[in-house]
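Okay, so here's the structure we're looking at.
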Amino acid sequence: MKKWKASVLLIIVLVVTAILTVMAFARFPIGTKDFNGFLGAIDTDYDLSGGTAYVLTLDKDNLKDVENVDEVINTLKYRLNLLGYENYSVKALKDVDEAVKDYDIRIEARGKLDEDGTVDDATLLSDMKVVAAFGELKFFGGTSQSPTEEILKNGDAVADAYFGGTGSDGSDTYYIISIKFSDYGYNEIKKLIGDSSEYYLRADVGETPITGTSGINIASNFTKDYQLTTTAGESMARQFALQIKTGGLAYKYNVGDGVEVSSPLGKDIALKSVIAIAALIAIVIIAMFVFDKKFGTVSCLSMLLFTDIYLFLLIAIPGIKVAFGGVVGFALAVLLAADGFVITSKRIKEEFAHGKTVKSAVKTGFKRSLAPILGESGIAFAVSLLLMVITSGTVRNFALVLAIGTVVSAVATVLFARMFTNLILPLVGYKENFFGVKRDDIATAAESEGE
């Protein structure tokens, strides 16, 4: 590439990199609003930024004491997971009065961000009410259109349930709750239907009927995967599906007012995490200059571009909340990218030591570094996917952020480093001292390693 063309392209790339770096870290006013950088736009989870605490207290209408508070807590956690919350706290609170047998339950979580970047407390409160929704699923069946005989009392009748969308019969809109019956539930209902042409099924959650007081005639079309419909509204249909799937709560709780709480990991943990990541990147960049001399410029610029794009993706990909596990995943991705730069530098120097020209050494070195870089990135990505499938909470967040970083680090070491190398080498006249070592020094080092 001609020097003038390399100069123009390098200036353009450097300007773009500089703009992205400023956008990543700087904060400045734009009109009536403030630009808080990519870092300020990243949605952080409860364990980094704190959240809102809600206390669930038993309603006075409960007919029995809570026999197993751990079972209640497990149901609440299951519901939080199904609603998409990964980092939260659910604790039982015992009253200091020994005469009080029942526990209050405290849930701490962080709401999702609105479009303007503020926490959506209204949706969080709504979710907490769904999580604490009272009522166990009951089925009633019979030949009457309004069956009153309770059925399926001797086992778990439903294996799964989810909101199935909306439908219309021309004049009215209804909401679908898709239910997958267990073998027990399916076989029991088939026995009850028998050869009848009419058999009505009614489902209630607690004291609230899903299908209304009338049942649905299922005699001719009953299958293991069945759809119940309700006219109670979409939010109630989603709540019904969640209650059915999680088994329902046998106790009625009232959700108190929310109170802001700080991170359980300590004050300003989010800021400290940012400082730690920035310090790690700075250390990596300094180390590159120390060990690679002038060639470290390539790794440095590639690392900056890697960081900018990585931060941007954490904002652009929908639904990502960075927890403390994600901070660890980010740090590991930085080290993975740095290792890729080291591998590339070493391969180029090895080719240079074997007597090749600078151009040839660079071309062959990048080609030889491709397999080990993609190999370690592929392993890291596969492990991340596995952790995302089998884990939850902060470990899953670690895996998600690392998976994204693994892809970006591979691109940075394979493409960005090569791009900056091809743009900088023509400007330095393809001089051998760009690598910071003499050919004899590299050859001697290679022979020492061989011994």
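A short reminder: the numbers here are calculations on the coordinates, not readings from a lab. Keep in mind the model is a prediction, meaning the values are calculated, not measured. Here the Cβ is made from the backbone with ideal geometry for all residues, glycine too, and neighbour counts use every protein chain on show.
What distance in nm separates the two pseudo spin-label positions at GLU67 and GLU234, each 7 Å out from Cα along the beta-carbon direction?
It works out to 4.0 nm between the two label points.
With the convex hull built on the Cα atoms of segment 233-303, state its orientation-averaged projected area in nm².
Value for segment 233-303: 10.4 nm².
With all pairs of different alpha carbon atoms counted, what Kirkwood hydrodynamic radius in Å does segment 114-220 show?
Evaluated on segment 114-220, it is 16.1 Å.
Pairing the Cα long axis of helix 393-411 with the longest principal axis of the chain, what angle in degrees results, from 0 to 90 and rounded to the nearest 10?
The helix 393-411 is inclined about 30 degrees to the chain.
For the pairs LYS77/LYS321; LYS252/LYS272; LYS321/LYS346; LYS60/LYS267, note any where the Cα-Cα span goes beyond 30 Å.
Pairs exceeding the cut-off: LYS252/LYS272; LYS321/LYS346; LYS60/LYS267.
Suppose every Lys and Arg Cβ carries +1 and every Asp and Glu Cβ carries -1, with no other charges. What dipole size does the chain come out with about its Cα centre, to the nearest 20 debye? Mind showing how you got there, number by number?
Details: 44 positive and 53 negative charges, 619 e Å.
In debye, rounded to 20, the chain gives about 2980.
Helix-only estimate, please: 222 nm mean residue ellipticity of the chain, summing -39500 (n - 2.57) across DSSP H runs of length 4 or more and dividing by its residues, to the nearest 500.
-17000 deg cm²/dmol
Kindly state, as a whole number, the per residue volume in cubic angstrom of the convex hull around the alpha carbon atoms of the chain.
Roughly 239 Å³ of hull volume per residue.
In square nanometres, what is one fourth of the surface area of the convex hull spanned by the alpha carbons of segment 187-330?
16.2 nm²
Which of ASN154, ILE177, THR17 sits closest to the plus end of the dipole of the chain, meaning its Cα is farthest towards the positive end, when Lys and Arg get +1 and Asp and Glu get -1 on the C-beta?
The residue sitting most towards the positive pole is THR17.
How would you rank 207-219, 414-426, 293-305, highest first, on the average number of other Cβ atoms within 10 Å across their residues?
Top to bottom by mean Cβ count within 10 Å: 293-305, 414-426, 207-219.
If you consider only alpha-carbon coordinates, what radius of gyration and Dmax does segment 298-367 have, in Å?
Calculated on Cα positions, Rg and Dmax stand at 16.3, 52 Å.
Which entries in LYS138/LYS224; LYS293/LYS431; LYS294/LYS349; LYS153/LYS180; LYS94/LYS138 show an alpha-carbon gap greater than 20 Å?
Working: LYS138/LYS224 17 Å; LYS293/LYS431 13 Å; LYS294/LYS349 13 Å; LYS153/LYS180 17 Å; LYS94/LYS138 31 Å.
Correct reply: LYS94/LYS138.
Take each of the peptides 193-200, 46-53, 360-367, average the number of other beta-carbon atoms within 10 Å over its residues, and list them starting from the highest.
Packing order, densest peptide first, comes out as 46-53, 360-367, 193-200.
Can you give me the angle between helix 69-82 and the longest principal axis of the chain, using Cα atoms only, in degrees from 0 to 90, rounded to the nearest 10?
60 degrees
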